[in-house]
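The values are calculated or read from the model by the stated rules, or taken from the named source; none is laboratory data. Everything quoted here is computed from the prediction, not taken from an experiment. Cβ coordinates were reconstructed from backbone atoms using ideal geometry, including for glycine residues, and neighbour counts include every protein chain displayed.
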């Protein structure tokens, strides 16, 4: 199966995120990201894939506006990151569930709406809908400590989805979960993406995960962090659990692995 | 006599539900023992004390028997209780002011590094200088003895609340902070919904310490002041009894001070459980 490594994507939409000549140097002198160019269109599911230290999380945080680039330009929907949007148009899912332990599941999911000034009663329908979306409608009254790791992560996703974002940023959200839970949540995220027509940027260090989920994989290399491959993947909208066992999946994984392999040459594996 | 009156355990407010679960029964037994055993041990110790004093005919001006202490407590009750009330007022007022001052300044510290850097040394100086050493100065400068005592007790109780509030507010999860930034939270929303709840467990820990410290501060300050007259607390009564060699009354006053400390401890512990019980690790009861 030929992989088109130059095409942007099979999904055609307006450019939503544009990064041009983006550099990020941290205060300690580390060059976290070197000359990154990336255009992401509305409706794409893009994985940023690479070993630790390749700047993938840094790129994600800069797109969210949490981190400013040292030089270069980033625009999200034509604005500087974090600007010109209502809080919640861009949602972020962290590696940890990042829930407030003192608040119930309902109140955790309600938080983004509360910060917008929406009353509890007015928000109830939206919060319930978001909880239903991740299959936790019955757990609104529970506290985070009463939930399993996978359930906590689903609460975190419900919180990200409650504002109906146009852009969902996920920073290795399932890295700490067991494989079965991860597969399940992978499908949840795929369904959310298909149903809601949002753009997803997904940071991961798992080849299998990125190939299963993405319409496009951006392979990054460390020291300094940079983009080395940009690969469009076919059939992103029709995959299901069955896809994991197809030869196409294995083949694509091999190709992406090879691309990733090239980046590992100068990685000291003793670290 | 019915058998129920011979049951020494009267702590359970309602009749035990019929349960066939042996684990539940064991848990209930354990709870009963936890109250019964210390009570019995205390009673035994008091009995031994009474016995030794009587058997050896120790004069009451050296060591009074528990019965005599109780008798003194009863006899001098009204005057001792008014002294206790003075100490309670002093303690609670200084604790209240320590909470207000400590929380307010702790929040300012957490929100502004510059102010913290500038003012923290003062807080440390207040904390490390023994209150006994500052008390005479304060008594010279402040006209009202009650106000002077209040300041002394406040100094002792203030610091743990200040430092724990500041640390607690800074302990808020950094991802949650980022989340609040992403959703464009205002400073007030961040304080109300993130920083204050994050600081609550730290504050509660400080409150337990400060409650005891306020009492210690109140008693120590009064010792230094050595106040005599109509408006005096338990510390003065202890001093006064010591001058007059009225040892049983000393013990009685001492007993009241301890009971006050225990009450404060129980109250702050209860409050901590009530506020944090449903979410924080420190107060959650584990099953099994």
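Just a few scattered comments:
- Selection within segment A:100-146 - within 9 Å of chain B (Cβ to nearest Cβ), in a helix (DSSP H, G or I) and over 22 Å from residue A:89 (Cα atoms): A:144, A:145
- Matching entry among A:140, A:149, A:50, A:65 (being buried (at least 18 other Cβ atoms within 10 Å of the Cβ), at pLDDT 85 or above and under 26 Å from residue B:282 (Cβ atoms)): A:140
- Unique match (being in the same structural domain as residue B:151 (by TED's automatic domain parsing), without any contact (Cβ under 8 Å) to a residue 24 or more places away in the chain and under 17 Å from the mean Cα position of the chain (by Cα)) among B:274, B:235: B:274
- Residue match in segment B:147-159 (condition: modelled with pLDDT of 85 or more and either outside the structural domain of residue B:246 (by TED's automatic domain parsing) or surrounded by fewer than 17 Cβ atoms within 10 Å (Cβ to Cβ) (or both)): yes
- For segment B:115-123, the criterion of being in contact with a helix residue (DSSP H, G or I) (Cβ under 9 Å, 6 or more places away or on another chain), closer than 30 Å to residue A:67 by Cα, part of a helix (DSSP H, G or I) and touching a residue at least 12 places away in the same chain (Cβ under 8 Å) is met by at least one residue.
- The residues of segment A:158-172 that are part of a helix (DSSP H, G or I) and under 18 Å from residue A:81 (Cα atoms) amount to a single one, A:160.
- The residue of segment A:173-183 that is surrounded by the fewest Cβ atoms within 10 Å (Cβ to Cβ), among those that are assigned to a loop (DSSP other than H, G, I, E, B) and without any contact (Cβ under 8 Å) to a residue 40 or more places away in the chain, is A:178.
- Any hit, segment A:81-98, residues being more than 30 Å from residue A:223 (Cβ to Cβ), in contact with a helix residue (DSSP H, G or I) (Cβ under 9 Å, 6 or more places away or on another chain) and not in a loop (DSSP other than H, G, I, E, B): yes
- The residue of segment A:124-135 that is farthest from residue A:75 (Cα to Cα), among those that are surrounded by fewer than 21 Cβ atoms within 10 Å (Cβ to Cβ) and touching a helix residue (DSSP H, G or I) at 6+ places or on another chain (Cβ under 8 Å), is A:135.
- Taking the criterion of being surrounded by fewer than 13 Cβ atoms within 10 Å (Cβ to Cβ), away from chain A (no Cβ under 14 Å) and modelled with pLDDT under 85, the residues of segment B:245-288 that qualify are B:245, B:288.
- Screening the candidates A:106, A:94 for the property of being closer than 19 Å to residue A:153 by Cβ and within 20 Å of the chain's Cα centre (by Cα) yields one hit, A:94.
- Residues that are facing chain A (nearest Cβ under 9 Å) and in a loop (DSSP other than H, G, I, E, B), drawn from segment B:171-207: B:173, B:183, B:184, B:185, B:186
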